[in-house]
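These notes are about the structure you will find just below.
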Amino acid sequence: MKADAVFEISWEVCNKVGGIYTVISSKAAHMAAYYKDTYTVVGPFFSIEKVKGEFEELSMPEHWKAISDALSPQGLRLHWGTWLIAGLPHALLVDFSESLAQANDIKRQLWDAYRIDSWGTGDDITHPFVWAWSVGKVLEAHIVQTDSKTSLAQFHEWLAGAGLLYLKNKNSPLKTIF
């Protein structure tokens, strides 16, 4: 299927902590070859030192710069570049550190809408929830800006699930896979 944009979202993009890193990195070259510039992997940004050797930051395309500028007042910082694996896919890393102050509100919304009980959880759950919720905002902004009807986002594991739920709650036309 052809798509305006294909996003692959994972906590393990440029962040090797488990098996999904291997899953995505082993197929990224094929995805990038097929979808070309419309394929983008999306992951978390922690620091330039943490992504050293994994990510090469590049000048942000105008489309993403506009989205980054629009989301900056909400505490979201975007980093555009290349994931340094076979196929060199485009990578969009979301710095969610300033959004951590909104963690309780995000958890409340997840409880109200989906009865996901995350009160009292540690950073191992809070950080992925806030990051994924932030990714949902980024993708929502992309859909609004491009008026895309055929964009697709694949969310990997529960660590990215809050982003999918954010989009579902907003009735986003973005096609999603979990």
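The values are calculated or read from the model by the stated rules, or taken from the named source; none is laboratory data. Remember, predicted model here, so these are calculated numbers, not experimental data. Quick reminder, even Gly has a Cβ in these numbers, built from the backbone with ideal geometry, and neighbours come from all protein chains shown. Heavy atoms of the whole protein, side chains included, go into the accessibility calculation; ligands, DNA and RNA do not. Shrake-Rupley method; radii C 1.70, N 1.55, O 1.52, S 1.80 Å.
Points worth noting:
- Qualifying residues in the stretch 33-67 (those that are over 13 Å from the mean Cα position of the chain (by Cα) and of a type in the set (S, T, N, Q)) - the one nearest to VAL13 (Cα to Cα): SER47
- Residue count for the stretch 147-163 satisfying the condition of being in contact (Cβ under 8 Å) with a residue 60 or more places away in the chain and open to solvent by 10 Å² or more (accessible area, probe 1.4 Å): 7.
- Hits in the stretch 35-62 (condition: in a helix (DSSP H, G or I) and surrounded by fewer than 13 Cβ atoms within 10 Å (Cβ to Cβ)): LYS36, ASP37, GLU62
- Counted residues, the stretch 10-31 - those being part of a helix (DSSP H, G or I) and open to solvent by 10 Å² or more (accessible area, probe 1.4 Å): 11
- Within the stretch 63-73, tally of residues that are open to solvent by 80 Å² or more (accessible area, probe 1.4 Å) and either of a type outside the set (D, E, K, R) or in contact with a helix residue (DSSP H, G or I) (Cβ under 9 Å, 6 or more places away or on another chain) (or both): 1
- Subset of the stretch 89-124 (residues that are in contact with a Ser or Thr (Cβ under 7 Å, 6 or more places away or on another chain), among the small types (Gly, Ala, Ser) and not in a strand (DSSP E or B)): SER99, ALA103
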